[in-house]
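S.K.: Have a look at this one.
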Amino acid sequence: MAGGTLIGVVHSAGKMAKTVMVEVTRNVKHPKYHRILRRSSKHMAHDEAGVLVTGDKVKIERSRPLSKNKHYVVSEKVINVDDVEVFKPLEELYPDLSVRPAPIIRPF
């Protein structure tokens, strides 16, 4: 199971409603040959506003299961400011759009 907060690149966007595919890359050491290997995994993440495009660098956070395969929500997007990468929350970048999933309302 993956961690709570991951950083990756949007691999696929616009093909599924309110969903993006984020590719997360990590470096691991081979147990026998001690070579550094690059491993990647793809996670489905919720994009409520539908503002992300392929190639955006984002931070995703683990949340309650939103569907069978979707367990992450996009929380921040990387913006280049004077050639420095800065994480900005989606609420700050798109204040007029709802960027969080709706809460579960259960009748008692």
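Laboratory data are not the source of any read-out in this text; all were calculated from the coordinates shown. These figures come from a predicted structure and were not determined experimentally. Cβ coordinates were reconstructed from backbone atoms using ideal geometry, including for glycine residues, and neighbour counts include every protein chain displayed.
S.K.: Would you say Thr19 is in contact (Cβ under 8 Å) with a residue 24 or more places away in the chain and out of contact with any Ser or Thr (no Cβ under 7 Å at 6 or more places or on another chain)?
M.R.: On the way: in contact (Cβ under 8 Å) with a residue 24 or more places away in the chain: yes; out of contact with any Ser or Thr (no Cβ under 7 Å at 6 or more places or on another chain): yes.
Yes, satisfied.
S.K.: Test Arg38 against the criterion of being under 17 Å from Gly4 (Cα atoms), over 13 Å from the mean Cα position of the chain (by Cα) and among the basic types (Lys, Arg), and give yes or no.
M.R.: Details: under 17 Å from Gly4 (Cα atoms): no; over 13 Å from the mean Cα position of the chain (by Cα): yes; among the basic types (Lys, Arg): yes.
No, not satisfied.
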